[in-house]
Amino acid sequence: AQSVTQLDSQVPVFEEAPVELRCNYSSSVSVYLFWYVQYPNQGLQLLLKYLSGSTLVKGINGFEAEFNKSQTSFHLRKPSVHISDTAEYFCAVTRQRSGGYNKLIFGAGTRLAVHP
Amino acid sequence: DVKVTQSSRYLVKRTGEKVFLECVQDMDHENMFWYRQDPGLGLRLIYFSYDVKMKEKGDIPEGYSVSREKKERFSLILESASTNQTSMYLCASSSTPYEQYFGPGTRLTVT
């Protein structure tokens, strides 16, 4: 079975500062990794995903994440945040498979608060 | 553009009522999911369906049932609502193992 740990429940940061949201996972099989964002009163939107290949993954809105297999981590970063990045961020994992359905396992979420 | 819609954004029900939450997707996806979102717990899978009339229990199915009579529609049913089912409910759909598309959510309050 897979599990996900998001190491910070809340991250306050000033506008234009860099930010890192940390995510660790555990799994006995190969996995796909995801970051989703949830803006206030909205559903989840995919930010980026790691399926294979380059360990540095770029997503929407200037976010990127690095897959580190040895440390079983998938931390999310942005070099300069905006007020509009204030949202809740979820890390998720699913086992690799060639077809069929997938069960996503989510972390508890990290609330990013960007202050002026 | 990908679209998953949920029948209500906000719902208030009384304890013991039967509650129906509806989800519709327009992407012809085989797989559909119902999650429950609670602060500090992230999203937890209630039920999912990988084909019409097919369903599988997720991690927290107790107190819930589902129905999928048509490919585009997946319903979550609370047979007898209780206050501990007050939560945000999110529906999602997918056609691949590596991406799910989410609806806007239904915030259910049971009083």
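The values are calculated or read from the model by the stated rules, or taken from the named source; none is laboratory data. On a predicted model such as this, the values are computed, not experimentally measured, just so you know. Because the Cβ atoms are built from the backbone with ideal geometry, glycine has one as well, and the counts that use them run over all protein chains shown. Surface accessibility is based on the protein's heavy atoms, side chains included, excluding ligands, DNA and RNA. Shrake-Rupley method; radii C 1.70, N 1.55, O 1.52, S 1.80 Å.
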Next item on the list: Using only the alpha-carbon atoms of region A:50-116, report the extent along each of the three principal axes, biggest first, to the nearest angstrom.
Entry: 45, 23, 22
Check: Using r as the Cβ-Cβ distance of residue A:20 and residue B:65, and R0 as 41 Å, what FRET efficiency do you calculate, to the nearest 0.05?
Finding: 0.50
Item checked: Integer Hz, Karplus 6.51/-1.76/1.60 couplings in order for region A:18-33, x for Gly and Pro -> x, 9, 10, 10, 9, 9, 10, 10, 10, 6, 8, 10, 5, 10, 9, 10
Next item on the list: Kindly provide the Kirkwood hydrodynamic radius of the protein assembly as shown in Å, to one decimal, from all pairs of distinct alpha carbon atoms.
Entry: 18.1
Next item on the list: Would you compute the Debye intensity of region A:3-115 from its alpha-carbon atoms alone, equal scatterers and no solvent, and pass along log10 I(q)/I(0) at q = 0.11, 0.12 Å⁻¹ to two decimals?
Entry: -0.32, -0.39
Item checked: In region A:1-76, GluC sites (Glu not before Pro) in a DSSP loop with at most 15 other beta-carbon atoms within 10 Å -> A:15, A:16
Check: Working out 0.36 nm times the residue gap between residue A:9 and residue A:61, then minus their Cα-Cα distance, what length gain in nm do you get to one decimal?
Finding: 16.6 nm
Note to self: Quick check: pseudo-label points 7 Å beyond the Cα along Cα→Cβ at residue A:52 and residue B:27, how many nm apart are they?
What the structure shows: 2.1
Note to self: Accessible area of region A:3-115 with a 1.4 Å probe: how many percent of it is carbon plus sulfur?
What the structure shows: 48
Notebook entry, point to check: Buried accessible area for the B:A pair, summed, 1.4 Å probe, in Å² rounded to 100?
Noted result: 2000
Notebook entry, point to check: Nearest 20 debye, what's the magnitude of the dipole of region B:42-89 about its Cα centre given +1 on Lys and Arg Cβ and -1 on Asp and Glu Cβ?
Noted result: 180
Item checked: Within-12-Å neighbourhood charge of residue A:74 [Cβ basis; K, R +1; D, E -1] -> +1
Check: How compact and how long is chain B, expressed as Rg and Dmax of its alpha-carbon atoms in Å?
Finding: 13.0, 38
Notebook entry, point to check: In Å², what does the accessible area per residue of chain A work out to with a 1.4 Å probe?
Noted result: 48
Notebook entry, point to check: Hey, what did chain B get for relative contact order, percent, Cα under 8 Å, at least 6 apart?
Noted result: 36
